[in-house]
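Shown next, in structure tokens, is the structure this report addresses.
The values are calculated or read from the model by the stated rules, or taken from the named source; none is laboratory data. Because the structure is predicted, anything quoted here is derived from the model rather than measured. Cβ: placed from backbone, ideal geometry, glycine included. Neighbour counts: every protein chain shown. To get the accessible areas, we keep the full protein, side chains included, count just its heavy atoms, and leave off ligands, DNA and RNA. Shrake-Rupley method; radii C 1.70, N 1.55, O 1.52, S 1.80 Å.
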Amino acid sequence: MMRPYRPKDNVQKKAYYTDRFWIAPRIPEEDVSQDKVYAADIEKIKAKFDIKKAYIQRGQLVVIIDPVINKELLFFLRDELGYDMLMELSAIDYLAQDGEFEVFYQLLSLSKRKRLRVKCRIKEDEAIESVNPVFRSADWSEREMYDMFGIKVNNHPYFKRILMPDDWVGYPLRKTYPLHGDEAAQWYEIDKIFGKEYREIVGPEIRDAAWIDKTDTEQFARYGHEVPKGAPYDSEPVKIDSFNEDAPLVETFDLKKSKIVDRDR
Amino acid sequence: MAQHQVNYAASGGLPVALTTVDKIVNWGRSNSLWALTYGLACCAIEMMASGASRYDFDRFGVIFRASPRQADVMIVAGTLTKKHAEFIRRLYDQMAEPKWVISMGSCANTGGMFNTYATVQGVDRVIPVDLYLPGCAPRPETLQYAVMLLQKKIRKQSIFQKQKPKRLV
């Protein structure tokens, strides 16, 4: 009774609908010299580090670097350039396109009122250095990055999953991970509580909201075709007496016909 | 001299009420359903409102307890995640017999709108459920009605019945 299952192995490669003439809009990349503060910053960065590319996008400076210098660069940005807050740290799955993850660090400078994004690309089997010594807020973000994408982080003080259980299989935010979970995820609670031999007793999850058990006579599955309770589902449906629709809902009050009992009260 | 001396012979019988063991035990059970505080998500807000003075569950004998060993009914109020599934089973096992379960809200009934990898698709996959309460979230009146229906169910039960083999374990 399930709907046909479409393989969701790789959502990036197989979109349901593709317009051959549609071009994904690119956010324009401006030159760093457009902004004085950013231009001064990038001069100082370039004097010390080897960066791949830098541009301004939506008024924010984006710096693309090699992943090996991430910690040193963030130290430099924090101490020398005043980018003293790590707002966000995560990754994007580009495995299907490029075989890589993009790890980004979104920084904010309160004194300059400027935002800066540091991006780097790592391969699936590569690890990245922890920036926990630079920003303490990276602790949980890096754990979440590992939990959701499986990106290993070196020299993290407490490196384990943060959202999913420790014995979870797979990394849910990867594009290849099915929304309804892989086999280990679908049977997770049964395997853990009762053991694998209970899979047959409990049965698979009902993921289809439109699923109806046609043999179910006690609930609302046979709405309009109800059979007596306990009777087999294919027996004769109960005839429900229809009520008189012509009868008026409100009768007009007739003083002469009516007997008023509390008139003198 | 006692002013209100009762003349048993004259007043039409002794002060004895006849009943069955079933009735009197179930009367006690159904009118003191101590519930386990099992708030998992937004349904917990409605459950707390039911316990507070406006809806006042105390008058049904429903008193929320924070220990499974003192509770008779588990009101599963909210989304059960797969990470939490083992703990709900453990708490259910720690409750003393007889025990009942109300599955409150769509998430607890079927997983609700969380048709995802991380949500248990109905708590009845993990623990046996006596009463499914639909709604997202059910209002306190609805939970009140569910408790009344559970009371009705308890009053129909025989106290001597064998513990039915549960579907799981």
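Looking at this model, which pairs from A:Lys229/B:Lys23; A:Lys36/A:Lys114; B:Lys99/B:Lys156; A:Lys46/A:Lys71; A:Lys52/A:Lys175; A:Lys175/A:Lys196 are more than 18 angstrom apart at the alpha-carbon? Intermediate results must be reported in sequence, preceding the final value.
Details: A:Lys229/B:Lys23 26 Å; A:Lys36/A:Lys114 11 Å; B:Lys99/B:Lys156 15 Å; A:Lys46/A:Lys71 16 Å; A:Lys52/A:Lys175 27 Å; A:Lys175/A:Lys196 28 Å.
A:Lys229/B:Lys23; A:Lys52/A:Lys175; A:Lys175/A:Lys196, as the Cα separations exceed 18 Å there.
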Task: Placed amide H near B:Thr119: partners under 5 Å, 5+ positions off or other chain - done: B:Lys82
Task: Chain-alone versus full-assembly comparison, the range A:189-222, residues with accessible loss of at least 10 Å² (1.4 Å probe) - done: A:Glu189, A:Ile190, A:Lys192, A:Ile193, A:Phe194, A:Tyr198, A:Ile201, A:Val202, A:Glu205, A:Ile206, A:Arg207
Task: GNM top mover of A:Ile206, A:Ile51, A:Ile69 - chain A, alpha-carbon springs below 10 Å - done: A:Ile206
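Given R₀ = 60 Å, what would the calculated FRET efficiency be for A:Arg136 paired with B:Leu131, taking r from the Cβ atoms and rounding to 0.05? Intermediate values should be presented prior to the final figure.
Working: r = 47 Å, r/R0 = 0.79.
Calculated value: 0.80.
Within chain A, what whole-number % of the accessible surface is contributed by carbon and sulfur, with the 1.4 Å probe and all protein chains included in the calculation? Display every interim value, and only then the final one.
Numbers: 9570 of 18460 Å².
Roughly 52 percent of what the probe reaches on chain A is carbon or sulfur.
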TODO: Please compute how much accessible surface disappears when B pairs with A, both sides summed, using a 1.4 Å probe, and round it to the nearest 100 Å².
DONE: 1900
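Leaving ligands and nucleic acids out of the surface, order A:Glu189, A:Glu218, A:Glu200 by accessible area at 1.4 Å, largest first. Show your work: numbers first, answer last.
Values: A:Glu189 0, A:Glu218 125, A:Glu200 170 Å².
So the residues, ranked largest to smallest area, are A:Glu200, A:Glu218, A:Glu189.
Please compute the net charge surrounding A:Arg161, taking Lys and Arg as +1 and Asp and Glu as -1 over other residues with Cβ under 14 Å from its Cβ. Intermediate results must be reported in sequence, preceding the final value.
Working: positive: A:Arg143, A:Lys152, A:Lys160, B:Lys82, B:Lys83; negative: A:Asp139, A:Glu142, A:Glu144, A:Asp147, A:Asp166, A:Asp167.
Neighbour charge sum, excluding A:Arg161 itself: -1.
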Open item on the list: With a 1.4 Å probe and all protein chains kept in place, how much accessible area does A:Glu124 have, in Å² rounded to the nearest 10?
Closed with: 90
- [ ] For chain A, find the longest principal axis of its Cα atoms and tell me its angle to the long axis of helix A:138-149, 0 to 90°, nearest 10.
- [x] 60
Task: Folded to 0 to 90 degrees: helix A:70-79 orientation relative to chain A principal axis, Cα - done: 80
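By how many nm would the segment from A:Phe159 to A:Glu30 lengthen if fully extended, with 0.36 nm per residue of separation less the alpha-carbon distance?
Details: separation 129, 0.36 × 129 = 46.44 nm, distance 3.81 nm.
Result: 42.6 nm gained on full extension.
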Task: For the range A:32-154: accessible area per residue (Å², 1.4 Å) - done: 48
- [ ] Return the single residue from B:Phe60, B:Phe87, B:Phe114 with maximal mean-square fluctuation; model: Gaussian network over chain B, springs between Cα atoms under 10 Å.
- [x] B:Phe87
Open item on the list: Can you give me the solvent accessible area of A:Leu163 with a 1.4 Å probe, rounded to the nearest 10 Å²?
Closed with: 90
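Quantify how strongly other chains surround peptide A:168-181 by giving the mean number of their Cβ atoms within 10 Å of each of its Cβ atoms.
Details: counts 4, 0, 1, 0, 3, 0, 0, 0, 0, 1, 2, 3, 4, 5.
Other-chain Cβ atoms within 10 Å of each residue's Cβ, averaged: 2.
When DSSP beta bridges are limited to those with both residues in the range A:32-154, what percentage is antiparallel, rounded to the nearest 5?
Of all bridge pairs located within the range A:32-154, approximately 75 percent are antiparallel.
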- [ ] Please find the FRET efficiency linking A:Val169 to B:Lys23, where r is the Cβ-Cβ separation and R0 is fixed at 51 Å, and quote it to the nearest 0.05.
- [x] 0.45
TODO: Grab the Cα-Cα distance for A:Arg199 and A:Thr215, subtract it from 0.36 nm times how many residues apart they are, and report the gain in nm with one decimal.
DONE: 3.5 nm
TODO: Provide the per-residue ³J(HN,Hα) series for the range B:28-35, in order, calculated from phi with Karplus coefficients 6.51, -1.76, 1.60 and θ = phi - 60°, each as a whole number of Hz, with x at glycine and proline positions.
DONE: x, 5, 6, 9, 9, 7, 8, 9
Task: Efficiency of FRET from Cβ geometry, A:Lys229 and A:Lys52, R₀ 56 Å, rounded to 0.05 - done: 0.20
TODO: Can you work out the accessible area per residue across chain B, with the rest of the protein chains kept in place, probe 1.4 Å, in square angstrom?
DONE: 56
Open item on the list: Within the range A:62-105, name every residue whose backbone N is under 14 Å away from a label modeled 7 Å from Cα of A:Glu43 along the Cβ vector.
Closed with: none
Open item on the list: For B:Arg65, what residues show an amide H to amide H distance below 5 Å, using hydrogens built from the backbone and excluding near sequence neighbours?
Closed with: B:Ala35, B:Leu36, B:Thr37
